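All of the numbers you see were taken from the coordinates with simple rules; none came from a lab. Only a predicted model underlies this, so the values are computations on that prediction, with no experimental measurement involved. Every residue, glycine as well, gets a Cβ built from its backbone with ideal geometry; the counts of neighbours run over all protein chains shown.
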Amino acid sequence: MDTAGLLNPVKLWAAAEVLTRPSPVPSTAGIYGWYFTQPPHPNLPADRLLYVGIAPRRMATRASRQNLRTRVRYHFRGNAEGSTLRLSRGCLLGLELRRVGSGKRVTFGQAGDEGPHGVDAEPAAPALGER
């Protein structure tokens, strides 16, 4: 996928589509862009590309275990510790980060991730591109 494909995607995927099994999202390396129909902050535009992520084949020291499917699914269902998208969005919403477990992992907590004003509250959709 090139820049034009991210800026003018043919399809935006809804959470319900991405989270079904089997998932229509390919388990390959690639890039993805994230759109919000309602922006996570009033100063940001709606229906515009607000985040770009990668699912690389290789990292500097090893092969990556991530792919488009695992990254996109994690952004929809994970927490702020493993998703820069969720972390950025939660900070824009002014949610409080909390340490959990041994204290090395951070999250917005269940209320912050899933509540009516949390990270999951506003509709969002990714555009995908295989490499």
* Hey, with R₀ at 35 Å, roughly what FRET efficiency would Ala46 and Lys104 work out to, going by the Cβ-Cβ distance, to 0.05? -> 0.50
* To do: For region 64-78, take each phi angle, set θ = phi - 60°, evaluate the Karplus expression 6.51 cos²θ - 1.76 cosθ + 1.60, and give the result in whole Hz per residue in order, putting x for glycine and proline.
  => 7, 8, 8, 9, 4, 4, 5, 5, 5, 4, 5, 4, 6, 10, x
* Asked: Which order do peptides 11-18, 76-83 fall in by mean Cβ count within 10 Å, highest first?
  -> 76-83, 11-18
* **Charge-dipole axis of region 22-81 as Lys and Arg at +1 and Asp and Glu at -1 on Cβ define it, positive-most pick from Gln38, Val25, Leu50** => Val25
* To do: Enumerate the calculated ³J(HN,Hα) couplings along region 30-39 in order (Karplus 6.51 cos²θ - 1.76 cosθ + 1.60, θ = phi - 60°), each rounded to whole Hz, writing x wherever the residue is Gly or Pro.
  => x, 10, 8, x, 10, 10, 10, 6, 10, x
* Cut-off under 5 Å, modelled amide H: who pairs with Thr28 long-range -> Leu68, Arg69
